[in-house]
Structures are given as structure tokens and as C-alpha cells.
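Trainee: Take this structure first; my questions come after.
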Amino acid sequence: MLDFTLAKYKDLCLAMLDSGYTPLSVHSYLTDNKTAKNKTVVLRHDVDRKINSALKIAELENDLGVTSTYYFRYPYTFKPGIIENISRLGHETGYHYETLSKSNGDYAKALALFINELEEMRKVCPVNTICMHGCALSRHDNRDIWKIYDFRDFSIIGEAYLSFAQDVRYFTDTGRSWDSKHNIRDFMNGQNKGELINNTDNLIELIRSGGTSTLYTQLSHIKNSPKALI
Ligand SMILES: [Zn+2]
């Protein structure tokens, strides 16, 4: 079976649910103190390009009773109608910022852009958390803006990389693989570098075998069509 399809993502979600994991959005994970932090899985989707695929994933998750977080780029995947639909399905909507890359490393300009783009997004949907876009071709790491400024000044309660502790096991499909080989910037402290998670079936096996507590997955590359892969 091909990997990174909607059908395979459904298998992954079912494995999480069958194994007793509670799927959470980034916002819920960071704010809900009542939720026991073991057997939770944070589900995140960075909508880098195909926003229609994001809507399909959002619908599938809704069918399964799962909520997750979708981060949208401005203006590339900022499509108000679709974002409103995703929000209506109960998912968290957030801002996938890349302003330090856009300003070519000018921090003041990057902050001004950040404020402006955040304001535009908040006209359409709630934005409580943010997530840097990796910008593999850029010299700049968009997270670095928070070495100088504080996102909490803008009513943002968390950042999808910086606000997570080291005990979270992070898996991302950047590079259309789980093993981080092609991954330049999409990692965080304590990431499972070097683990043998090559495909989604491996990740499903890991989940079904138990023995791991908090998982955090990021999927951008799920395709609608069972045929199309990359
Ligand atoms: Zn991205």
C-alpha cells in the first residue's frame, strides 16, 4: 500500500485511538491541565501548499472524532472559505509564520510583518498558537525572531516547536519520509533522530506496541488520491 495517503493516515489515526491515545491540538495540549500527559498524541498539520488536501484530512479526522491543529501560511495557503470550514469541523487554526525569511533577516521588519499577517488571519479565524515554517531554502530560522521578541505580547500562548518539552517524541513527514533524512530544519529538542521509523506502518507498529507516552506528529504530505504519492 502506498504511503502518505489519506487511507494510510486513517490507519494511523485508528491505531492511535485503538491503543488508547488521546489526540489533541497544540492549543489543547498546552492549556488543558486536566488531560493526563501520558498516552496523548499532538496532531499538527503544516499547510504549506495544498489547502484542499488539508480540508479532506480535517473531514476525515472529524469523522473519527479527532481534533488537530492546522497552520496556514500567509498568503500562500490563506484561503478564508476553506479555513472557516476547517475551523467549523472543530479543529484549531493557527499561523504558519515565515517573516524572518521574508524580511531576509531584518528582525524589526519581520516583527512588523508578523503583526500585520496575524491581524489579517484573526479577521477570519482564531489564532492562539503559531508555528514556524521551515523554509529549507532560506538562511534564516524563523524561530529566531523569538530570541528578541516575545510572542505572548500578541496574545499567542504557544509556538509549535518552542513550547514543547523534551519528553515529547516528535515525528514529521518533512521530506516525505518519517526518518528525517531530508529534513533540514524541522526538528526540535529531543527529537527521535535515528529511530527506525521509515514509513507509516513502522509508526503504526510503534503505537500499537505501546510503551511510549506523548507523541507529536506533523503531517503535511498526505494526498487525497490513493494513487498520487509525491
Ligand atoms: Zn511549513
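Trainee: Please name all residue pairs, on different chains or six or more residues apart, with Cβ atoms under 6 Å, provided the first residue is in the range 117-138 and is within 15 Å of Ile82 (Cα to Cα) and the second residue is part of a loop (DSSP other than H, G, I, E, B) and within 14 Å of the ligand (Cβ to nearest atom).
Mentor: Pairs found: none.
Trainee: Of all residues being in a loop (DSSP other than H, G, I, E, B) and more than 16 Å from the ligand (Cβ to nearest atom) in the range 86-110, which is nearest to Ile130 (Cα to Cα)? Just the residue, please.
Mentor: So, considering only residues that are in a loop (DSSP other than H, G, I, E, B) and more than 16 Å from the ligand (Cβ to nearest atom), the one nearest to Ile130 (Cα to Cα) is His91.
Conditions (1) outside any strand (DSSP E or B); (2) at positive phi, marked per residue:
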site	(1), (2)
Gly20	yes, yes
Leu30	yes, no
Arg44	no, no
Leu55	yes, no
Leu60	yes, no
Phe78	yes, no
Glu84	yes, no
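Trainee: A further question follows. Among the listed residues Gly65, Gly20, Gly81, Gly90, identify the single one that is loosely packed, with under 15 Cβ neighbours inside 10 Å, farther than 26 Å from Leu111 by Cβ and at pLDDT below 95.
Mentor: Of Gly65, Gly20, Gly81, Gly90, the one residue that is loosely packed, with under 15 Cβ neighbours inside 10 Å, farther than 26 Å from Leu111 by Cβ and at pLDDT below 95 is Gly20.
Trainee: Consider Lys79 against the criteria (1) within 16 Å of the ligand (Cβ to nearest atom); (2) closer than 21 Å to Gly158 by Cα: it satisfies all of them except one. Which criterion is unmet?
Mentor: Here Lys79 clears every test but (2).
Trainee: Going by the conditions given, is Thr31 within 16 Å of the ligand (Cβ to nearest atom) and touching a residue at least 12 places away in the same chain (Cβ under 8 Å)?
Mentor: In short, no.
Trainee: Out of the range 35-65, which residues are within 16 Å of the chain's Cα centre (by Cα) and closer than 16 Å to Thr214 by Cα?
Mentor: Thr40, Val41, Val42, Leu43, Arg44
Trainee: Also: Anything in the range 34-62 that is surrounded by fewer than 18 Cβ atoms within 10 Å (Cβ to Cβ) and more than 16 Å from the ligand (Cβ to nearest atom)? List them, or say none.
Mentor: Across the range 34-62, the qualifying residues are Lys34, Thr35, Ala36, Lys37, Asn38, Lys39, Asn52, Lys56, Glu59, Leu60, Asn62.
Trainee: Another question about this same structure. Is it the case that the range 145-162 has a residue that's within 15 Å of the ligand (Cβ to nearest atom), buried (at least 20 other Cβ atoms within 10 Å of the Cβ) and part of a strand (DSSP E or B)?
Mentor: Within the range 145-162 (the criterion being within 15 Å of the ligand (Cβ to nearest atom), buried (at least 20 other Cβ atoms within 10 Å of the Cβ) and part of a strand (DSSP E or B)), the answer is yes, since at least one residue qualifies.
Trainee: Restricting the range 163-183 to residues that are of a type outside the set (Gly, Ala, Ser), modelled with pLDDT under 75 and surrounded by 14 or more Cβ atoms within 10 Å (Cβ to Cβ), which is nearest to the ligand (Cβ to nearest atom)?
Mentor: Thr174
The values are calculated or read from the model by the stated rules, or taken from the named source; none is laboratory data. Everything numeric here is computed off the predicted structure, so don't read it as measured data. Quick reminder, even Gly has a Cβ in these numbers, built from the backbone with ideal geometry, and neighbours come from all protein chains shown.
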